[in-house]
Amino acid sequence: MIIKSASFVTSSPSIHQCPATKKPEFGFIGRSNVGKSSLINMITGRAGLAKISGNPGKTRTINHFLINESWYLVDLPGYGYAKVPVRLRISWTRSVEEFILKRHTLVCLFMLIDSRLPPQSSDLSFMEFLGTNQVPFARVFTKCDKLSDEAVKKALRVYDIEMLRSWESIPPTFLSSTVKKSGKEEILAFIEECINNFSNRL
Ligand code: GDP
């Protein structure tokens, strides 16, 4: 998919203020500092696009970007470093949870994971929450340039083994690096495929 246009639309404190739309939406979420803004800027080819949502006061809102006039990229607030208990209580607004659970146009959630870290309980709990609620998601391992190819493969294996303790299958998975500019084509191709399936459903 070629990105012809990408623009910031709005920041919404809750699902009720989100744009009324029938267009497909793709969410991006992960722990603070995972590389979410960098990834969004790389995918859209617009340096600084995600920084709009980084303005003070907007960090805990749901940020919509309209891409190619046909789909929304939704930047969801990152969750903090604090250990999040199984039920995901803190550093997590109800509105985001509501968005994930109730937004009918949300086609897929990209769950960003720092490839350098061992599986984090907060991430595993979050995926558990997605699985329990049957929310489609994909994993994106970020900052892969910081590891050798072999170390990335090993990190993935470790992660899969951990997930397969409670999951029957592994979700779609992408490797990204904003330094090496890798992962963009694969993620965009996946989004395009999802959009086609979404249109066929209508
Ligand atoms: P966010 O808080 O999740 O939005 O994370 P940012 O996109 O602001 O990135 C956090 C830090 O990680 C910044 O210093 C980025 O330059 C760095 N970073 C993000 N992506 C990559 C990557 O793919 N490779 C490397 N080496 N650094 C990255």
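Points worth noting:
- Accessible carbon and sulfur surface of the stretch 6-201 relative to its total accessible area, %, 1.4 Å: 52
- Surface accessible to a 1.4 Å probe, I2 within the full protein complex, Å²: 130
- When only the Cβ of Lys, Arg, Asp and Glu is charged (+1, +1, -1, -1), the dipole of the chain relative to its Cα centre reaches about 520 debye.
- Our coupling estimate for the stretch 14-21, obtained by passing each phi through the Karplus curve with A = 6.51, B = -1.76, C = 1.60 and θ = phi - 60°, is 8, 4, 5, 9, 5, x, 6, 7 Hz, Gly and Pro reported as x.
- Computed extension gain for E168 through I3, at 0.36 nm per residue and net of the alpha carbon distance, reaches 55.9 nm.
- Accessible surface, 1.4 Å probe, highest first, among residues R157, R139, R116, R165: R165, R157, R116, R139
- Accessible-area rank, largest first, for E98, E192, E150: E150, E192, E98, with all protein chains present and a 1.4 angstrom probe.
- Proximal lysines to K180, defined as alpha-carbon separation beneath 25 angstrom and excluding residues fewer than eight positions away on the same chain: K4, K36, K51, K143, K146, K153, K154
- Close amide H partners of F137, meaning residues 5 or more places away or on another chain with modelled amide H under 5 Å apart, are L109.
- The chain - share of DSSP beta bridges that are antiparallel (%, nearest 5): 40
- Among the chymotrypsin sites (Phe, Trp or Tyr not before Pro) found in the stretch 99-202, those both in a DSSP coil and sparsely packed, with 16 or fewer other Cβ atoms within 10 Å of their Cβ, are W167.
The values are calculated or read from the model by the stated rules, or taken from the named source; none is laboratory data. Since the structure is predicted, the reported quantities are computational estimates derived from the model, not experimental observations. Here the Cβ is made from the backbone with ideal geometry for all residues, glycine too, and neighbour counts use every protein chain on show. With ligands, DNA and RNA removed, areas are computed over all heavy atoms of the protein, side chains included. Shrake-Rupley method; radii C 1.70, N 1.55, O 1.52, S 1.80 Å.
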